[in-house]
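Have a look at the structure below before the remarks.
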Amino acid sequence: MRLVSASVLIAIGFYLMMISTMGPELTSMGEGRVDYLIRLAMVLIGLTAIMYSLLWLTWPLLKLIANRFKK
């Protein structure tokens with residue numbers, strides 16, 4: 001279940017990062033301040049979802065390795 005949940009979060013994060021690049025270039029938009037903030041938010045949310053899901057997926061493995069070295 002953890003693997004499936006992490007995979008879905010990674011896919012959603014990748015999707016958000018992908019759709020943030022759709023549309024005109026950010027430099028060619030005149031007064032597109034709102035569009036810029038929306039795109040930046042989508043990139044940040046996508047990266048955060050990917051990072052947290054990878055950490056959530058690998059944390060039990062890291063704890064197991066750390067406990068093995070303690071003994």
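The values are calculated or read from the model by the stated rules, or taken from the named source; none is laboratory data. Remember, it's a predicted structure, so these values are computed and weren't measured experimentally. In case anyone asks, the SASA skips ligands and DNA or RNA and just uses the protein heavy atoms, side chains included. Shrake-Rupley method; radii C 1.70, N 1.55, O 1.52, S 1.80 Å.
Rolling a 1.4 Å probe over the protein heavy atoms leaves LEU40 with an accessible area of roughly 70 Å². When nucleic acids and ligands are ignored and a 1.4 Å probe is applied, TYR36 ends up with an accessible area of around 110 Å².
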